[in-house]
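**Q** Below is one structure. I have some questions about it.
The values are calculated or read from the model by the stated rules, or taken from the named source; none is laboratory data. Just so it is clear, the model here is predicted, and its values are computed rather than measured. All Cβ positions, even for glycine, are placed from backbone atoms using ideal geometry, and neighbour counts span all protein chains on display.
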Amino acid sequence: MLLSVVINTYERPESLSRCLEALSRQKGADPFEVIVVDDGSRLDLKAIERLWADRLRFELVRIRHAGRSAARNRGVRSARGERILFLGDDVIVRPGCLARHRRRAEPLVAVVGPYPLRNPTGSPPFRHWAEPNPEPAIEDPEDAGFRFFGTGNLSMSRQTFLELGGFDEQFQHYGWEDLDLGLRLERAGGKLVYDSQARADHIHPPMDRAALWHREREVGYTALQFWRKWEPEAADQVAFMKFWDDPQGFRPGPRWRRRLGDMLIALLYRMAPASGLNGRLYERMVYAWRLEGVAEAWRDFQSKGTNWP
């Protein structure tokens, strides 16, 4: 069985090179191919293409910038394998990872492996919120549920992916497009298996508070898209949604509060970074920025009408 590794990338050649280097060291994973989709980078990746074309079964596909969903969909269309392994361009597979993904070939079974951040920095509450892929507490690894459908280290049948329609390309901000696909797989009778031995590391570029707030704002934006698409039957299963009854009633509050909160967090970082107060401030700030994204998405929904998303 041919395994197709699909990697979407955007202007991170150093991360991509590390990702490809780790793939070249995989043992017992043959045969596999690597499809890298350059999502409209302004950088020239020809040097990477020349290097890896001789060391891997490798193809570089270039598209106009269209987001993660479109890039991954394009990668799958170029793939020739029966099974697809989605990796982030900043994910480093550990030895044996691909072999673990190859163990499950059932058409309606997807496999997700852990890929936590390697050596996160910052205060304890910052590390808590900056980590997008913590080691999950899953009750049944043989049926983990769509909430753990994280496509930084996930494999599934190519045919099933195509039958489900791939990633919904209307999710163009950060997050939720993978959970959306996982939910569609679940509703089609499939399941997600968690394999703790299909391990990888997430080596994300250094993140500061401004980057965290930006990410959480995008999470809020796409959360409303997910809610609009799946409410009420599935949305309530996601913890983020338990705050919602009516998105029109949510207000992120004035911006000066978020500026003040950021200043207080900076002060506590110097005085008491591990304090409970700092942790509570981070939680409030994260949800404030998420609500900012919800409000932005709601304004877009009102202006674009019922065809959105």
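**Q** Considering ARG12, ARG42, ARG50, ARG55, which residue is modelled with pLDDT under 90, basic (Lys, Arg), in the same structural domain as LEU85 (by TED's automatic domain parsing) and in contact with a Ser or Thr (Cβ under 9 Å, 6 or more places away or on another chain)? Before you say what the answer is, go through the steps one by one.
**A** Details: ARG12 fails: modelled with pLDDT under 90; ARG42 fails: in contact with a Ser or Thr (Cβ under 9 Å, 6 or more places away or on another chain); ARG50 fails: in contact with a Ser or Thr (Cβ under 9 Å, 6 or more places away or on another chain).
Just one listed residue meets the conditions, ARG55.
**Q** Scan segment 250-302 for residues that are surrounded by fewer than 14 Cβ atoms within 10 Å (Cβ to Cβ) and among the aromatic types (Phe, Trp, Tyr) and jot them down.
**A** If the condition is that a residue be surrounded by fewer than 14 Cβ atoms within 10 Å (Cβ to Cβ) and among the aromatic types (Phe, Trp, Tyr), then TRP256 is the only one that fits.
**Q** A further question follows. May I ask you to say which residue of VAL37, VAL61 is within 14 Å of GLU11 (Cβ to Cβ), touching a Gly at 6+ places or on another chain (Cβ under 7 Å) and in a strand (DSSP E or B)? Steps first, please.
**A** On the way: VAL61 fails: within 14 Å of GLU11 (Cβ to Cβ).
Going through VAL37, VAL61 in turn, just one is within 14 Å of GLU11 (Cβ to Cβ), touching a Gly at 6+ places or on another chain (Cβ under 7 Å) and in a strand (DSSP E or B): VAL37.
**Q** All but one of (1) assigned to a loop (DSSP other than H, G, I, E, B); (2) of a type in the set (A, V, I, L, M); (3) farther than 16 Å from LEU98 by Cβ; (4) touching a residue at least 60 places away in the same chain (Cβ under 8 Å) hold for MET1; which doesn't?
**A** (3)
**Q** In addition: For segment 70-115, how many residues meet the condition of being in contact with a strand residue (DSSP E or B) (Cβ under 7 Å, 6 or more places away or on another chain) and free of Cβ contacts under 8 Å to residues at least 12 places away in the same chain?
**A** Going through segment 70-115 one residue at a time, the tally reaches 0.
**Q** One residue is enough: does segment 177-195 have a residue meeting the conditions surrounded by 16 or more Cβ atoms within 10 Å (Cβ to Cβ), assigned to a loop (DSSP other than H, G, I, E, B) and free of Cβ contacts under 8 Å to residues at least 60 places away in the same chain?
**A** Within segment 177-195, not a single residue is surrounded by 16 or more Cβ atoms within 10 Å (Cβ to Cβ), assigned to a loop (DSSP other than H, G, I, E, B) and free of Cβ contacts under 8 Å to residues at least 60 places away in the same chain.
**Q** Determine which single condition ASP168 fails, assuming it passes every other condition in (1) in contact with a helix residue (DSSP H, G or I) (Cβ under 7 Å, 6 or more places away or on another chain); (2) closer than 22 Å to ARG12 by Cβ; (3) outside any helix (DSSP H, G or I).
**A** Going through the list (1) in contact with a helix residue (DSSP H, G or I) (Cβ under 7 Å, 6 or more places away or on another chain); (2) closer than 22 Å to ARG12 by Cβ; (3) outside any helix (DSSP H, G or I), ASP168 breaks only (2).
**Q** For segment 74-88, give me each residue that is assigned to a helix (DSSP H, G or I), crowded, with 19+ Cβ neighbours inside 10 Å and small (Gly, Ala, Ser).
**A** If the condition is that a residue be assigned to a helix (DSSP H, G or I), crowded, with 19+ Cβ neighbours inside 10 Å and small (Gly, Ala, Ser), then GLY75 is the only one that fits.
**Q** Does ALA66 meet the test of being in contact with a strand residue (DSSP E or B) (Cβ under 8 Å, 6 or more places away or on another chain), under 24 Å from TRP176 (Cβ atoms) and in a loop (DSSP other than H, G, I, E, B)?
**A** Taking the combined requirement at face value, the residue satisfies it.
**Q** Does ILE48 satisfy the criteria of being crowded, with 17+ Cβ neighbours inside 10 Å and either more than 25 Å from LEU162 (Cα to Cα) or without any contact (Cβ under 8 Å) to a residue 40 or more places away in the chain (or both)? Working first, answer last.
**A** Numbers: crowded, with 17+ Cβ neighbours inside 10 Å: yes; either more than 25 Å from LEU162 (Cα to Cα) or without any contact (Cβ under 8 Å) to a residue 40 or more places away in the chain (or both): yes.
Yes, satisfied.
**Q** Then there is this: Select from segment 116-131 the residues that are closer than 19 Å to GLU283 by Cα, surrounded by 17 or more Cβ atoms within 10 Å (Cβ to Cβ) and not small (Gly, Ala, Ser) and list them in ascending order.
**A** PRO125, PHE126, TRP129
**Q** Regarding ALA71, is this residue at pLDDT 95 or above and either outside any helix (DSSP H, G or I) or out of contact with any Gly (no Cβ under 8 Å at 6 or more places or on another chain) (or both)?
**A** Numbers: at pLDDT 95 or above: yes; either outside any helix (DSSP H, G or I) or out of contact with any Gly (no Cβ under 8 Å at 6 or more places or on another chain) (or both): yes.
The answer is yes for ALA71.
**Q** Condition first: at pLDDT below 85, among the basic types (Lys, Arg) and in a helix (DSSP H, G or I). Can you find one or more residues in segment 199-220 that meet it?
**A** No.
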